[in-house]
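Q: Could you have a look at this structure, given as structure tokens, before my questions?
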């Protein structure tokens with residue numbers, strides 16, 4: 001039972017990894033979601049490099065400023081449009097949108113409003129757009145080997161012709177209705193699949209890498225475009241010419257007026273000398289005033305210190321005299337006590353001696 005459950009689980013997982021589509025013949029075509037996503041990610045790299053190389057070739061070969069500016073505008077706007085289309089949530093919708101965009105871009109540069117933008121180098125833009133469109137058709141044939149996709153191609157080209165691009169800003173209509181039409185004509189049905197965490201992280205990493213690679217280039221192209229427009233602005237150019245004329249006149253005046261420069265320099269040196277003398281005098285007066293104040297403060301402090309020392313000395317003498325008097329009085333009192341003690345002890349000793357002598361005499365006479 002465990003083995004059967006494991007086999008069933010693996011079979012279900014394998015089925016969830018595929019998208020099913022039914023061709024005109026009724027046979028089932030298995031298309032991997034991951035394979036289609038990786039294919040579109042790889043195509044975006046080819047698209048951005050092809051557009052960049054083609055635009056740079058036009059800029060390198062052309063000597064016309066307007067053509068160079070249009071080539072810069074082409075890669076500056078086309079790559080973000082492709083990036084937004086390819087990194088949509090549904091890889092099939094991304095494929096249809098990119099197919100339409102490349103065919104619209106081919107029509108725009110071949111016979112639309114942009115047919116004269118690059119002059120003699122117009123074929124470079126047409127060839128790049130056509131090559132990218134053919135690459136997408138080849139991708140479609142590889143994903144559906146042996147199947148006729150002519151109906152889908154016809155719908156893509158008709159939609160592109162009915163909804164052309166009118167400017168290099170590449171403002172476009174949504175291709176979601178076209179995707180539904182292709183599903184009905186080709187009898188394609190796409191099941192919603194649960195993506196694993198690893199696949200989601202891989203897709204997020206791919207998008208981050210693409211944005212990281214394209215964003216600095218976009219910033220640089222925007223800066224170049226703004227700078228080019230600023231340099232060709234008639235009003236700004238007139239102001240720059242006026243400023244250049246004023247600078248030239250200033251140089252001529254300076255070169256032709258050495259005496260004026262010497263006079264101004266002499267005047268400036270005199271002014272500096274006067275300012276320096278005034279500053280030195282002010283510093284000297286401030287120093288004298290400060291020294292006077294210090295001298296006065298020192299006299300006051302010394303007087304206060306002398307008075308304080310005198311008071312402290314008198315208080316010390318008075319306290320010393322008091323202590324000396326107390327010490328003498330205490331010494332005399334102690335001496336009197338000592339004399340009295342010695343006197344009374346001597347009297348007692350003499351009395352004892354007389355008593356002993358009398359007793360001795362009495363004893364002697366009796367014997």
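Q: Tell me which residues, restricted to region 136-158, are within 19 Å of residue 98 (Cβ to Cβ) and buried (at least 16 other Cβ atoms within 10 Å of the Cβ).
A: 136, 137, 139, 140, 143, 144, 149, 152, 153, 155, 156, 157
Q: Follow-up. If a residue has to be surrounded by 20 or more Cβ atoms within 10 Å (Cβ to Cβ) and within 19 Å of residue 42 (Cβ to Cβ) to count, how many in region 114-135 make the cut?
A: 4
Q: Same structure again: With 97, 116, 123 as the choices, which residue is over 33 Å from the mean Cα position of the chain (by Cα), modelled with pLDDT of 90 or more and outside any helix (DSSP H, G or I)?
A: Working: 97 fails: outside any helix (DSSP H, G or I); 123 fails: outside any helix (DSSP H, G or I).
One residue alone meets the criteria, 116.
Q: Next up: Checking the condition assigned to a helix (DSSP H, G or I), within 19 Å of residue 143 (Cβ to Cβ) and over 29 Å from the mean Cα position of the chain (by Cα), which residue from 46, 60 passes? Working first, answer last.
A: On the way: 60 fails: within 19 Å of residue 143 (Cβ to Cβ).
The match here is 46.
Q: Another question about this same structure. So, in region 82-98, how many residues would count as being within 15 Å of residue 50 (Cβ to Cβ) and surrounded by fewer than 19 Cβ atoms within 10 Å (Cβ to Cβ)?
A: Of the residues in region 82-98, the ones within 15 Å of residue 50 (Cβ to Cβ) are 82-83, 86, 98.
Checking the rest, the ones that are also surrounded by fewer than 19 Cβ atoms within 10 Å (Cβ to Cβ) come to 83.
So the count comes out to 1.
The values are calculated or read from the model by the stated rules, or taken from the named source; none is laboratory data. Just so it is clear, the model here is predicted, and its values are computed rather than measured. Every residue, glycine among them, receives a Cβ derived from its backbone with ideal geometry; neighbour counts consider all protein chains shown.
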